[in-house]
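Engineer: So that we are looking at the same thing, I have put the structure below in structure tokens.
The values are calculated or read from the model by the stated rules, or taken from the named source; none is laboratory data. Fair warning: this is a prediction, and the values are worked out from it, not measured in the lab. Here Cβ is always computed from backbone atoms with ideal geometry, including for glycine, and neighbour counts include all displayed protein chains.
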Amino acid sequence: MKKLTKFLLYSVGITMILGGCSDMNGTNNNIDNAKGNDTQTNPSNDSLVSVQEYTGEGYALPYGKKTDQIAEKNLKQIEEGTITFFQENYKTEVTVHNVVGAKDGATVFVESLSEPHFYTYAVVPVDESENQVMIDQIWADEFQVENAIKGGLYHMIFNEEFKKLDEYLESVASEEPVTGKTIEALENVGGHGFMTPYYFIALTSKEESIQPVYDLYLSNPDESTENLRNAYEEELFNSENFKINIQLFMADKQAKPSEELFNKVTKELEEMDSIPSGTYSFSLNDNFIDNQSSEGAKENSLKRSFPDYIIKE
């Protein structure tokens, strides 16, 4: 019961913030909207940072000030415990990028060291009364971690299709006045599976086609990409359960999201037939990110999402 209580506490606190950017159904759980910063583009606002400058500094979880201090004093112990946790439970080598205090614990942001590539997080309980971290009780949201690994496996076995998507978005960023998040932001506060500066992959609990690939990977992390691809159950694929969320930001601090550019990218995504199958959402934001939540979506963002997704079968 004690573990379940902690799980519920963390799930609410962490998912509200980490999950804000992952929302694909039009509901925005982010600090910008909570504060009413619907059209805020003024860089003098203390909570807003230019996307090109944002590295995750200032990110915070509820009630984490004291636990953050305790975690800071025990970083080496937390790093070693987290690395062991992922090795033992997910057969995956990870590196620890950031530790953020939260209610009764600390959230540890990690990145896999090889393919399948992904970002995720674990939680280390912290006893504030004793000023100590409880390494032996490290845990992670199983769905979140499995989702992260599965997204990395998707990218791994459909590398050519994702390469086309990556090349397209990189060309947009080089030719148009837009940009993506920094790699440092993904490392330090990303935690959402397979991610690039321009998009992330999210799977629903109903996704079945990748499950045999995931099972094979866990049984043999050194399995070849070819064998992993052969384990994929294509006939079980449903685009509704495989989502790719694209987010771009205006490169100019003074610029509002461009409707002309938004329409151009949306049209080009609709016409592309060589990118991965799935359900696509696309949002174009202004230049700023809330440094406490790592969110860039605001009421002035332009969005193509629920119920009008871009579907690629």
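Engineer: Which one of these does residue 276 not meet: (1) over 15 Å from residue 198 (Cβ atoms); (2) in contact (Cβ under 8 Å) with a residue 60 or more places away in the chain; (3) not aliphatic (A, V, I, L, M)?
Structural biologist: Of (1) over 15 Å from residue 198 (Cβ atoms); (2) in contact (Cβ under 8 Å) with a residue 60 or more places away in the chain; (3) not aliphatic (A, V, I, L, M), only one is false for residue 276: (1).
Engineer: Name the single residue, out of those in segment 45-71 being among the acidic types (Asp, Glu) and at pLDDT below 95, that is farthest from residue 249 (Cα to Cα).
Structural biologist: Applying the first criterion (among the acidic types (Asp, Glu)) to segment 45-71 yields 46, 53, 57, 68.
Next cut, at pLDDT below 95 only: 46, 57, 68.
On the way: 46: 19, 57: 19, 68: 30 Å.
So, considering only residues that are among the acidic types (Asp, Glu) and at pLDDT below 95, the one farthest from residue 249 (Cα to Cα) is 68.
Engineer: Does residue 173 count as farther than 15 Å from residue 90 by Cα, over 18 Å from the mean Cα position of the chain (by Cα) and in a helix (DSSP H, G or I)?
Structural biologist: Numbers: farther than 15 Å from residue 90 by Cα: yes; over 18 Å from the mean Cα position of the chain (by Cα): yes; in a helix (DSSP H, G or I): yes.
Yes, satisfied.
Engineer: Restricting segment 49-70 to residues that are in contact with a helix residue (DSSP H, G or I) (Cβ under 9 Å, 6 or more places away or on another chain) and β-branched (Val, Ile, Thr), which is nearest to residue 126 (Cα to Cα)?
Structural biologist: 55
Engineer: Same structure again: Which number in (1) within 25 Å of residue 156 (Cα to Cα); (2) touching a helix residue (DSSP H, G or I) at 6+ places or on another chain (Cβ under 7 Å) marks the one condition that residue 269 misses?
Structural biologist: (2)
Engineer: Out of (1) under 12 Å from residue 191 (Cα atoms); (2) touching a residue at least 40 places away in the same chain (Cβ under 8 Å), what's the single condition that is false for residue 105?
Structural biologist: (1)
Engineer: Could you check segment 267-276 and list, in sequence order, the residues that are at pLDDT 95 or above and either hydroxyl-bearing (Ser, Thr, Tyr) or within 19 Å of the chain's Cα centre (by Cα) (or both)?
Structural biologist: Within segment 267-276, just 276 meets the criteria.
Engineer: Could you grab me the full set of residues in segment 67-122 that are of a type in the set (Ser, Thr, Tyr) and over 19 Å from residue 152 (Cα atoms)?
Structural biologist: Start the filter on segment 67-122 by keeping residues that are of a type in the set (Ser, Thr, Tyr), which leaves 67, 82, 84, 90, 92, 95, 107, 112, 114, 119-121.
Correct list: 67, 82, 84, 107.
Engineer: State whether one or more residues within segment 110-126 are over 21 Å from the mean Cα position of the chain (by Cα) and either within 26 Å of residue 273 (Cα to Cα) or not small (Gly, Ala, Ser) (or both). Even if it seems obvious, please write down each step before you answer.
Structural biologist: Going residue by residue through segment 110-126, those that are over 21 Å from the mean Cα position of the chain (by Cα) are 125-126.
Next, only the ones that are either within 26 Å of residue 273 (Cα to Cα) or not small (Gly, Ala, Ser) (or both) stay: 125-126.
Yes; the residues of segment 110-126 include at least one that is over 21 Å from the mean Cα position of the chain (by Cα) and either within 26 Å of residue 273 (Cα to Cα) or not small (Gly, Ala, Ser) (or both).
Here is a yes/no grid of residues against (1) touching a residue at least 12 places away in the same chain (Cβ under 8 Å); (2) buried (at least 19 other Cβ atoms within 10 Å of the Cβ):
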| site | (1), (2) |
| --- | --- |
| 127 | no, no |
| 134 | no, no |
| 142 | no, no |
| 145 | yes, yes |
| 150 | yes, yes |
| 162 | yes, yes |
| 168 | yes, no |
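Engineer: May I pose another question? Report, by residue number, each residue of segment 70-125 that is aliphatic (A, V, I, L, M) and in contact with a His (Cβ under 8 Å, 6 or more places away or on another chain).
Structural biologist: 110
Engineer: Cβ contacts < 8 Å: first residue of a type in the set (Ser, Thr, Tyr), restricted to segment 246-267; second residue at pLDDT 95 or above and in a loop (DSSP other than H, G, I, E, B), any location; separation 6+ or different chain. Result?
Structural biologist: 258/177
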